[in-house]
Amino acid sequence: MAQFSAKQAAQKRDKYLEISRQFALKYGADFDVFRQRLLAGELSAEEEQDYFDWELAITLVEDVEIKKLAEKYQMDDIKWVTGS
């Protein structure tokens, strides 16, 4: 598992959190509300692409946090956490 410093982890997390925040501001909604619009077929092609970019940003925040926890507890195999 690639190790990264607490500073690097915080920078990555902050970058993806900012992307997520920008989408929330752009659409005036949180991700769950925006997802409901997607499921209802209410999004344009551009909005659908934003949905997937937003989802990726959220997933990457979670990934950084899981990896940092794994390093903290010196776990080489985090498959049990992520299911992958």
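Does GLN22 count as within 19 Å of THR59 (Cα to Cα), modelled with pLDDT of 95 or more and surrounded by 12 or more Cβ atoms within 10 Å (Cβ to Cβ)? Yes, satisfied. In this entry, ASP14 passes the filter for residues that are free of Cβ contacts under 8 Å to residues at least 24 places away in the same chain and within 14 Å of the chain's Cα centre (by Cα).
For segment 36-46, which positions are surrounded by 15 or more Cβ atoms within 10 Å (Cβ to Cβ) and in a helix (DSSP H, G or I)?
Here is the first cut: in segment 36-46, the residues surrounded by 15 or more Cβ atoms within 10 Å (Cβ to Cβ) are 37-38, 43.
Answer for segment 36-46, where residues must be surrounded by 15 or more Cβ atoms within 10 Å (Cβ to Cβ) and in a helix (DSSP H, G or I): ARG37, LEU38.
Which one of these is surrounded by 10 or more Cβ atoms within 10 Å (Cβ to Cβ), part of a helix (DSSP H, G or I) and at pLDDT 95 or above: ALA9, ALA57, ALA70? Spell out the reasoning first.
Values: ALA9 fails: at pLDDT 95 or above; ALA70 fails: at pLDDT 95 or above.
The match here is ALA57.
Listed by first and then second residue, the pairs with beta-carbon distance under 8 Å, at least 6 apart or on different chains, first residue in segment 34-53 and modelled with pLDDT of 95 or more, second outside any helix (DSSP H, G or I) and among the small types (Gly, Ala, Ser), are ARG37/ALA29.
The values are calculated or read from the model by the stated rules, or taken from the named source; none is laboratory data. Since this is a predicted model, take the numbers as computed values, not measurements. Cβ sites come from the backbone with ideal geometry, for glycine too, and all protein chains shown count toward neighbours.
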